[in-house]
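First comes the structure, then the notes that go with it.
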Amino acid sequence: AQSVAQPEDQVNVAEGNPLTVKCTYSVSGNPYLFWYVQYPNRGLQFLLKYITGDNLVKGSYGFEAEFNKSQTSFHLKKPSALVSDSALYFCAVRDDGDDKIIFGKGTRLHILP
Amino acid sequence: NAGVTQTPKFQVLKTGQSMTLQCAQDMNHEYMSWYRQDPGMGLRLIHYSVGAGITDQGEVPNGYNVSRSTTEDFPLRLLSAAPSQTSVYFCASSFHPLDSRETQYFGPGTRLLVL
């Protein structure tokens with residue numbers, strides 16, 4: 001069975017600084033990995049996904065994520081944080097031998113002005 | 001197109017009552033799923049469907065039923081509501097997992113309070 005862990009409940013970053021939101025996963029086969037963002041009182045919005053190919057995936061709003069197979073990680077990154085990036089971020093995984101998409105517990109990102 | 005729609009937006013139930021949360025999508029997506037969001041628990045998969053007539057259990061299926069008679073609709077039924085089912089429920093849809101266009105689109109959510 002697949003699982004995903006987001007080890008940080010909250011991450012605080014000063015505006016303009018680089019940010020990283022961590023995600024690790026466990027699958028039996030090959031992983032399909034996703035990042036979603038949730039703004040207050042809103043549904044989830046897709047940011048980016050990794051299926052295969054280049055380990056660095058670029059997504060919406062300047063975000064990118066790096067797939068690391070040996071560390072089973074898929075950390076979300078942005079070179080320069082904006083106050084508007086403050087939101088709840090979810091990592092999700094699907095095992096290529098399964099149809100279920102499992103989400104992590106989420107990480108709340110606070111960008112400080 | 002409207003994307004993924006959910007009704008109602010908010011509902012209050014008494015313990016033991018039943019109700020159906022509605023979810024519809026107009027993007028011709030094969031894959032649909034229901035999640036519940038609780039503080040500190042993230043999103044947990046309740047049930048999912050890879051096409052009309054096919055449903056399967058997720059991580060927390062107990063107390064919930066689903067059916068998929070059409071591609072567009074995927075209702076979630078609470079058989080006998082319990083306070084533990086107080087949560088925000090999200091419906092999502094996407095192309096089939098084997099489709100490279102696979103990206104989940106989420107509805108706005110239904111906030112359920114069970115007294």
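The values are calculated or read from the model by the stated rules, or taken from the named source; none is laboratory data. This structure is a prediction, so every number in the text was calculated from the model and none was measured. Positions of Cβ are generated from backbone atoms using ideal geometry, with glycine treated the same way; all protein chains shown enter the neighbour counts. The accessibility values were calculated without ligands, DNA or RNA, using every heavy atom of the protein model including side chains. Shrake-Rupley method; radii C 1.70, N 1.55, O 1.52, S 1.80 Å.
For a straight C-alpha distance cut-off of 20 angstrom, the aspartates and glutamates reachable from A:Lys22 (same-chain residues fewer than eight places away being disregarded) are A:Glu8, A:Asp9, A:Asp54, A:Glu64, A:Glu66, A:Asp85, A:Asp95.
Remark: chain B carries a charge dipole of roughly 480 debye about the Cα centre, counting +1 on each Lys and Arg Cβ and -1 on each Asp and Glu Cβ. The lysines whose alpha-carbon is closer than 17 Å to the alpha-carbon of B:Lys14, local same-chain residues fewer than 8 away aside, do not include any residue. Suppose we keep just the DSSP beta bridges with both residues in chain A; what percent of those would be antiparallel, to 5? Antiparallel: roughly 85 percent of the beta bridges in chain A. The largest accessible area among B:Met27, B:Met32, B:Met41 belongs to the first residue in B:Met41, B:Met27, B:Met32, and the rest follow in falling order (1.4 Å probe, all chains).
Residue-normalised convex hull volume from the C-alpha trace of the protein assembly as shown: 119 Å³ per residue.
For region B:31-100, what class follows from the C-alpha gyration tensor (a ≥ b ≥ c being the square roots of its eigenvalues): rounded when a/c is under 1.5, otherwise prolate if a/b is larger than b/c, else oblate? List each step's numbers first, then the result.
Details: a/c = 2.42, a/b = 1.48, b/c = 1.63.
Because a/c hits 1.5 or more and a/b fails to exceed b/c, region B:31-100 counts as oblate.
Binning at 5 angstrom from zero up to the longest distance, how are the C-alpha pair distances of region B:16-55 distributed in percent? Each 5 Å bin holds this share of Cα pairs: 6, 16, 22, 24, 18, 10, 4.
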